[in-house]
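Single-structure report; data block below.
The values are calculated or read from the model by the stated rules, or taken from the named source; none is laboratory data. Please read these numbers as outputs of a predicted model, since none were measured by experiment. Ideal geometry is used to build each Cβ from the backbone, glycine not excepted, and the neighbour counts take in all protein chains shown.
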Amino acid sequence: MISKVLTRTAPLVSRAAIGWAIWLGGAAVVLFASLARLQAISPWGLLVCLSLLAALGGLLLARTLSSWVAASPVTAEIFAAGVMGTSVIVGLIVPALQEIAAHEAWAPAAAQWALALSAGAGILALLDRLVPHRHAPVAGQDRTALLFLFALALHNVPEGLALSMSEVMGPTLALGIAIQNVPESVLAMWLLTAAGWSAARAGAWGFAAVSVEPAVALLAKSLGLAVAEHAVLMAGLAAGAMGFVLIHEFAPRLRRVGVRAMLPLASGSALVLGLSAWM
């Protein structure tokens, strides 16, 4: 009986698999061709699109692998912490320190960078107090789900500042931010659907919250802040803001998880370091 069922369904499964493979292959070719043309027109625009595509990919991944996300929701967040922390060091702090060391008047430049670092952390600390938000929604309560979206949008402000400097500081920073958007979107989709939202609603609102990142980047670039002359100050501002998020939000979770956090944290860090060495 089982063999008859397999005999009848195998051709259908194989046809479906072949059809999906052809569709995905064609979509990948079109996507890469479009991104190549966009890179020729605007390299910075390509980085912004990669950021949004990574966020969308994270939402689709969460929808497809919902059983894995439900079993291990904290893994995505710890992996994102590893990616974000390493991106801050490799993409913002190290290049800024190298720029300061090459400066003739390095002491004033270092002092300005330190002030910008403190200002970035202070601004995020102030926003964290002023903006109502919540880090996990409660099932059946739309208000807490919206407050979670506010928290997600707030966390994307420093990432947008860093993304605006990716053309000056190097592509590794933008790729690290794009990679970090994947687990961030996975976590958003899981928490919102667990709170009772439909997959379509959770995906749309989660993507809107993540889109704060390129919006901030576009604002910084339109104001003329994302230029080489302001590289050290902007790098300090973004690093301070992202550092506050890491210490304030991720550090308590790492303490609660303990040794189990080592693998996803090290995986995220190793991925960014590998990309940095490769590029």
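Residues in the stretch 127-155 that are more than 22 Å from the chain's Cα centre (by Cα) and of a type in the set (Lys, Arg): ARG129, ARG143.
Being surrounded by fewer than 17 Cβ atoms within 10 Å (Cβ to Cβ) and under 25 Å from ALA101 (Cα atoms) holds for only one residue in VAL227, VAL232, and it is VAL227. Per the listing ALA217, ALA145, ALA209, ALA151, the residue uniquely out of contact with any helix residue (DSSP H, G or I) (no Cβ under 8 Å at 6 or more places or on another chain) and part of a helix (DSSP H, G or I) is ALA151. Just checking, how many residues over the stretch 235-261 are charged (D, E, K, R) and within 19 Å of GLU159 (Cβ to Cβ)? Here the count works out to 2.
Okay, residues lined up against (1) of a type in the set (Asp, Glu); (2) surrounded by 18 or more Cβ atoms within 10 Å (Cβ to Cβ); (3) outside the structural domain of LEU273 (by TED's automatic domain parsing); (4) without any contact (Cβ under 8 Å) to a residue 60 or more places away in the chain:
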position	(1), (2), (3), (4)
MET165	no, yes, no, no
ALA178	no, yes, no, no
LEU191	no, yes, no, no
ALA200	no, no, no, yes
GLU213	yes, yes, no, no
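Restricted to the stretch 222-279, the set of helices (runs of 4 or more DSSP H) holding at least 1 residues that are modelled with pLDDT under 80 and in contact with an Asp or Glu (Cβ under 7 Å, 6 or more places away or on another chain) comprises 251-257. Do we have GLY196 as at positive phi, of a type in the set (Gly, Ala, Ser) and either in contact (Cβ under 8 Å) with a residue 12 or more places away in the chain or not assigned by TED's automatic domain parsing to the domain that holds SER164 (or both) here? Taking the combined requirement at face value, the residue satisfies it. The numbered conditions (1) farther than 20 Å from SER276 by Cβ; (2) in contact with an Asp or Glu (Cβ under 6 Å, 6 or more places away or on another chain); (3) not β-branched (Val, Ile, Thr) are all true for GLY120 except (2).
Taken together, the criteria exclude LEU161 from residues that are over 25 Å from VAL94 (Cα atoms) and surrounded by 15 or more Cβ atoms within 10 Å (Cβ to Cβ). Selection of the stretch 126-142 for residues being closer than 22 Å to SER185 by Cβ and in a helix (DSSP H, G or I) yields LEU127, ASP128, ASP142.
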